[in-house]
1. Determine the dipole magnitude for the chain: charges of +1 sit on the beta-carbon of Lys and Arg, -1 on that of Asp and Glu, nothing else is charged, the reference point is the Cα centre, and the result goes in debye to the nearest 20.
2. So how far apart, in nm, are the two label points at Q6 and D58 if each is 7 Å from Cα heading toward Cβ?
3. For the ranges 91-99, 78-86, what's the packing order if you count other beta-carbon atoms within 10 Å of each residue, average per peptide, and put the highest first?
4. Under a Cβ-only charge scheme (Lys and Arg +1, Asp and Glu -1), can you give me the dipole magnitude of the range 84-142 about the Cα centre, in debye to the nearest 20?
5. Given L16, A36, A81, which one lies farthest toward the positive end of the charge dipole of the chain, if we put +1 on the Cβ of every Lys and Arg and -1 on the Cβ of every Asp and Glu?
6. Please work out the Cα center distance from the range 103-129 to the range 1-69, rounded to the nearest Å.
7. Which value, in Å to one decimal place, does the Kirkwood hydrodynamic radius take for the range 5-135 when every pair of different Cα atoms is included?
8. Hey, quick one: spin label on L16, modelled 7 Å out along Cα-Cβ, who in the range 28-71 has an amide N within reach, i.e. under 19 Å?
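Taken together, the values in this text are just the output of simple stated rules run on the coordinates, not laboratory data. Remember, predicted model here, so these are calculated numbers, not experimental data. We place every Cβ from the backbone using ideal geometry, glycine too, and count neighbours over all the protein chains shown.
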Amino acid sequence: MTSGEQFLFVNAEATLGEAGFRPYIPIALVNQQCSATASALLDTGATVNVLPYQLGIDLGYIWERQTVTLNLTGNFAQYDARVVVIQATISQFEPVQLVFTWTKAVQVPLILGQVNFFMEFDVCFYRSQLYFVVSPKNKPSE
């Protein structure tokens, strides 16, 4: 079993002082021959993983070819969304398949939510100490 790795919170909004720190994590994404690295926001309140439009384009996706649609809610309800599956690698952990809602919204961060990031990884937040620990889920022994 791979042990957990510690990551620091990032000061995403310096004008807010300590309240501006957010749990961002580096992630590598691969779709066929296209790849990208990004910083993703861990959001325990997000139901789904969200892929910003331009990052989907960078990964070689063509909007019109994605036929599985999804209705987003909240701030993104006004935008069309498609479902894509991407191979993702975080740190030294084994790659996993993550399901993303690819949105036409351009002012949205890459978000890792309940489906299915938090189904693949365990995360323990130490907000007062400005770090968090990520571990791959324990898989049953074969």
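1. Here the chain has a charge dipole of around 160 debye.
2. 2.9 nm
3. Listed from highest to lowest mean packing, they are 78-86, 91-99.
4. 220 debye
5. A81
6. Using only Cα atoms, the two centres lie 7 Å from each other.
7. Hydrodynamic radius (Kirkwood, Cα pairs) of the range 5-135 is 15.3 Å.
8. What the label zone holds, given the 19 Å backbone N cut-off, is 39-47, 50.
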